[in-house]
Amino acid sequence: MKVSLGSLILWLGCYAVHVESAKTTRTELTFLARRARLATALPDQKGQVFIGIKSAPKSEYRSRRDHLRSSGCLKSIKDAGFSYAFVMGVPMSHGHDLTAHDQGGRDTPEERENEKAVLKEIEEHGDILMLSMRDQYADLTDKLIGLLDFGLHHTNAQYIMEVDDDKCVVPSVLKTVIDNHGNSNKTSELWAGAYLFNGKEYASMKGPWGITAPYFSGNGCMLSRNLARTLVEDDRDHTVLSGIYGTTADDANLGKWVKFA
């Protein structure tokens with residue numbers, strides 16, 4: 001597959017603008033009800049770009065989300081006609097062993113408190129996408145796959161972006177990158193990011209097979225829809241089983257997926 005590289009600029013918004021949040025009343029705790037609330041937070045699921053903002057359910061990450069909500073960053077994304085969601089997994093406490101066959105096992109008190117806080121935040125803002133996986137560093141690659149899956153199967157966006165929750169995306173930069181790609185490339189797919197590594201800077205990125213591939217730094221990158229489809233549909237088995245050739249670094253793994261495509 002022919003892939004064109006682009007460059008993005010990310011910034012952390014620091015100006016104060018009040019953002020009105022979509023609020024709904026919870027009638028039942030079901031997957032469909034939560035999905036409906038999420039849909040109300042996405043202003044136009046036919047928008048050109050879906051931005052998955054990678055966050056985490058621990059309490060210290062709440063301030064990052066609230067900053068993006070209050071700074072005007074998310075408003076600028078919606079005003080540009082783009083859609084977004086904070087993406088996170090199920091809370092997990094340090095040291096919680098999930099390998100045992102513990103019938104009737106329970107989440108830790110800390111996990112339950114974090115779960116209640118996240119559920120309340122979802123009811124208040126309706127802009128969080130919960131993935132059915134534990135939120136831990138070792139599973140960042142699974143979080144990325146879940147983000148791409150949602151962008152591909154639950155929006156009509158032609159471009160899917162992943163970005164950390166301590167960064168703010170400048171919509172005008174995205175539009176420029178997209179326009180430049182459309183004007184100069186009629187047959188290639190787009191993969192754009194803030195900083196491109198050649199994949200050989202750190203030996204730890206090679207993985208068990210010693211494979212190297214260029215990759216964009218993990219704070220953010222954008223893929224065209226067809227490229228995302230290739231990674232999570234056509235090459236899904238290769239993508240999901242990244243432990244064979246990859247590492248816990250989701251950004252480096254993404255580079256290997258693009259190289260394989």
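Brief remarks on what is shown
- Note on ILE244: accessible area is roughly 90 Å² with a 1.4 Å probe, heavy atoms of protein only.
- Average accessible surface area per residue within the stretch 60-147, 1.4 Å rolling probe, Å²: 50 Å²
- One decimal place: the segment SER217-HIS94 gains 41.7 nm when fully extended, by the rule 0.36 nm per residue minus the C-alpha distance.
- Computed Rg/Rh of the stretch 71-191, alpha carbon atoms with Kirkwood Rh: 1.06
- Accessible surface of SER132, taken over heavy atoms with a 1.4 Å probe and every protein chain present, rounds to 130 Å².
- Projected label points at VAL240 and SER204, each 7 Å from Cα along the beta carbon direction, are separated by 2.8 nanometres.
- The stretch 163-261: radius of gyration and largest Cα-Cα distance (Dmax), Å: 14.1, 40
- Which of HIS125, HIS94 is most accessible, then next, and so on - probe 1.4 Å: HIS94, HIS125
The values are calculated or read from the model by the stated rules, or taken from the named source; none is laboratory data. Predicted model only: the values in this text are computed from it and were never measured. Because the Cβ atoms are built from the backbone with ideal geometry, glycine has one as well, and the counts that use them run over all protein chains shown. The protein model used for the area step is the full one, side chains on, heavy atoms only, and it has no ligands, DNA or RNA in it. Shrake-Rupley method; radii C 1.70, N 1.55, O 1.52, S 1.80 Å.
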